[in-house]
Amino acid sequence: MRGIVTDIMRFSLKDGPGIRTTVFLKGCNMVCKWCHNPETLSINPQILNYPERCIGCFNCARACKHGSIVIEGYGAASRLAFYTEKCIDCGACADVCYTGARVMSGKEMTVDEVMAEVSQDVNYYRNSGGGVTVSGGEATVQPEFTLAILESCKKSGISTAIETNMLADWRVFEQLIPALDLVMLDVKLFDSDAHRKWTGVGNGRILENVKKMSACLPIIVRTPVIPDVNDTAGEIGKIASFVKGLDNVEYYELLLYNPLGESKYQALGMKNRFSGRKPQTGEEKRLLTEAAQACGKAVRVM
């Protein structure tokens, strides 16, 4: 069993209880306009380009066999020229770029290779109440691979969780449930039309799946709070009212806007419509927290 992995982050403290290892898979079934991990939207491996890190060693051009990166000029006038239309994202340039000017996002891995990494920290999981979280992108875009990782973790006595947008067909979640201890799920917007505007899909199936999941497993409900999208007490209050009717909610979490993905948009050559926006602070944060407390559950703000 093989899948496409974006990253494996050890000692994570934000993707569930305790000390965790988060396995980020590539591919998503939404296109959230504010996504702070745009390199995970496509399931295909991609090259991220950070020209400010380049020291002009020309190793990338020598490694490229497809004419995407070439050396133009001679001697001191030599420079790199990029022909992105010829790039097949093979990763050869990234393999020889030791400064990180060319970075490969997405690596094919087997379940055994993933487990070899996550199993290194078993004692930390057990001592802290942590475990392994499969995230994305969207974990359910690679359902067989996700299930295989979760089942392998279970066999190794490692607690499991996923982070999901709950958009997949319910039958996908039914297959995952026996291998899960916790589900961290997003409710991004309550109005379906607004949800479609900002993510590319409506939320009817999502809300139904959330109700079903809350009857099966402990859940953490999360809302990424995005400027001019859902950062009002009214919108958060609607979601909180929905959360109030759910079972098995560990807590409701507001994830304040994270601008850290801006450089990734530039590296991918993508437009970022939220460039320059800042996380909510002060009075905004207080009002959003008060609105969230209408859920009648514990509330956390990150």
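The values are calculated or read from the model by the stated rules, or taken from the named source; none is laboratory data. None of the values given here were measured: they were computed from a predicted structure. Reconstructed Cβ throughout: ideal geometry from the backbone, glycine too, with neighbour counts over all protein chains shown. Surface accessibility is based on the protein's heavy atoms, side chains included, excluding ligands, DNA and RNA. Shrake-Rupley method; radii C 1.70, N 1.55, O 1.52, S 1.80 Å.
Listing for the model above:
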read-out: Inter-site label distance for Glu85 and Tyr251 at 7 Å from Cα along Cβ, in nm; value: 5.2 nm
read-out: Residues in the stretch 81-98 reached by a label modelled at Cys57 [backbone nitrogen below 12 Å; 7 Å Cα→Cβ]; value: 94-98
read-out: Debye log10 I(q)/I(0) for the chain, one point scatterer per Cα, at q = 0.09, 0.10 Å⁻¹; value: -0.50, -0.61
read-out: For the stretch 24-35, 3J(HN,Hα) per residue [Karplus equation, 6.51 cos²θ - 1.76 cosθ + 1.60, θ = phi - 60°, Hz, x = Gly/Pro]; value: 8, 8, 8, x, 9, 9, 10, 10, 5, 5, 9, 3
read-out: Proximal charge balance of Asp247 [Cβ under 13 Å; K/R count +1, D/E count -1]; value: +3
read-out: Low-density loop positions, trypsin sites (Lys or Arg not before Pro), the stretch 203-271 - DSSP coil, at most 12 other Cβ in 10 Å; value: Lys271
read-out: For the stretch 46-103, convex hull volume per residue from C-alpha positions, Å³; value: 74 Å³
read-out: Restraint check, Lys154/Lys264; Lys33/Lys107; Lys33/Lys86; Lys212/Lys238; Lys188/Lys211; Lys155/Lys188, Cα-Cα greater than 23 Å; value: Lys154/Lys264; Lys33/Lys107; Lys33/Lys86; Lys155/Lys188
read-out: Accessible area per residue, Å², the stretch 46-103 with all protein chains present, probe 1.4 Å; value: 61 Å²
read-out: Cross-link reach list, aspartates and glutamates versus Lys65, counting only Cα pairs under 14 Å and skipping chain neighbours closer than eight places; value: Glu85, Asp89, Asp95
read-out: Within-15-Å neighbourhood charge of Pro143 [Cβ basis; K, R +1; D, E -1]; value: -3
read-out: Quotient of Cα Rg and 2.2 N^0.38 Å for the stretch 225-302, N being how many residues it contains; value: 1.26
read-out: Paramagnetic label zone (point 7 Å from Cα along Cα-to-C-beta, Asp191; backbone N under 18 Å) in the stretch 216-246; value: 224-242
